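A quick write-up on the structure given underneath.
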Amino acid sequence: MKLNLPNRLTLLRCLLVPVFLLAITLPRDTALACLISAAVFGAASFTDMLDGKIARRRGLITDFGKFMDPLADKLLVVSAMLMFVEQHQMPAWALLLVVAREFAVTGLRLIAVDNGRVIAAAWSGKIKTASTMVAICLMLLWNIAWLNTVCWVVIVVTTVYSGVEYFVKNRDVFRKAA
C-alpha cells in the first residue's frame, strides 16, 4: 500500500510516541531534558495539524487516515498524561476523564455510523485538542506545581465541555438507536 503525505505524517506521529516516551523518562533536572521532551511532543503535535490541512486541501482523505489520525492523537496525548500521572504532575482521575470522554465520543460516532450518519469533529473538539497539546508542552517545559494545575484544569474543562457538546448536539442519535 502506497501512503500519501498526510498518512505518512500520521505514521510519523505514531513513531514519535516511543521517542517521546524515551525523552520524557530522561532525568528532568536539566532544562535540556525538558526541552527535548517538549520538542518531540511539539513536533508530533504539529504533524497532527499539518496532516489534516494537507489531506483536506489536496483531497487526500482516506479510510486509513480517518482511522489512524485520531488513534495517533490519542496515543500521543494519553502517553504524555500517563507519564504526568506517574511523575505526580497530574491526578489520575484527570487522565481517566480524558480517556472516558474519548471512549464515549467514539461510541457515539459508532452508533451514528450504524444509522448512516457521520459525526464530524466539532470546533470544541479542535479547541480541546489544541489546548491539550499546548498545556502538555507547557507542563513538559516547566514542571511548576501551579502551572501543572492550571494546565490539567484547562485539559479537563475543555475535555468535559467538548464531550458534553458532542452528546447534546447529537442526542437524536440515541433516539434513533433505541
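I'd like the residue in region 54-76 that is of a type in the set (A, V, I, L, M) and open to solvent by 20 Å² or more (accessible area, probe 1.4 Å) and, out of all such residues, is nearest to Ser37 (Cα to Cα).
So, considering only residues that are of a type in the set (A, V, I, L, M) and open to solvent by 20 Å² or more (accessible area, probe 1.4 Å), the one nearest to Ser37 (Cα to Cα) is Leu75.
Looking at region 83-100, can you tell me whether even one residue there is open to solvent by less than 70 Å² (accessible area, probe 1.4 Å), outside any loop (DSSP other than H, G, I, E, B) and farther than 29 Å from Pro18 by Cβ?
Scanning region 83-100, I find no residue that is open to solvent by less than 70 Å² (accessible area, probe 1.4 Å), outside any loop (DSSP other than H, G, I, E, B) and farther than 29 Å from Pro18 by Cβ, so the answer is no.
So in region 1-42, with the set limited to residues that are touching a residue at least 60 places away in the same chain (Cβ under 8 Å) and more than 30 Å from Thr62 (Cβ to Cβ), which one is farthest from the chain's Cα centre (by Cα)?
Arg28
Suppose we keep only residues that are of a type in the set (Val, Ile, Thr) and within 16 Å of Leu76 (Cα to Cα) within region 1-53. Which one would you say is surrounded by the most Cβ atoms within 10 Å (Cβ to Cβ)?
The residue in question is Thr10.
Output the residues belonging to region 131-178 that are small (Gly, Ala, Ser), open to solvent by 40 Å² or more (accessible area, probe 1.4 Å) and either in contact (Cβ under 8 Å) with a residue 60 or more places away in the chain or touching a Cys at 6+ places or on another chain (Cβ under 7 Å) (or both).
The answer is Ala177, and nothing else.
Does region 48-55 contain at least one residue that is touching a Phe, Trp or Tyr at 6+ places or on another chain (Cβ under 8 Å) and under 22 Å from Ser131 (Cα atoms)?
Checked against the condition, which is being touching a Phe, Trp or Tyr at 6+ places or on another chain (Cβ under 8 Å) and under 22 Å from Ser131 (Cα atoms), region 48-55 yields no hits at all.
The values are calculated or read from the model by the stated rules, or taken from the named source; none is laboratory data. If you're wondering where the values come from, they're calculated on a predicted model, not measured in any experiment. As a convention, Cβ positions derive from the backbone with ideal geometry for all residues, glycine included, and neighbour counts pool all protein chains shown. The protein model used for the area step is the full one, side chains on, heavy atoms only, and it has no ligands, DNA or RNA in it. Shrake-Rupley method; radii C 1.70, N 1.55, O 1.52, S 1.80 Å.
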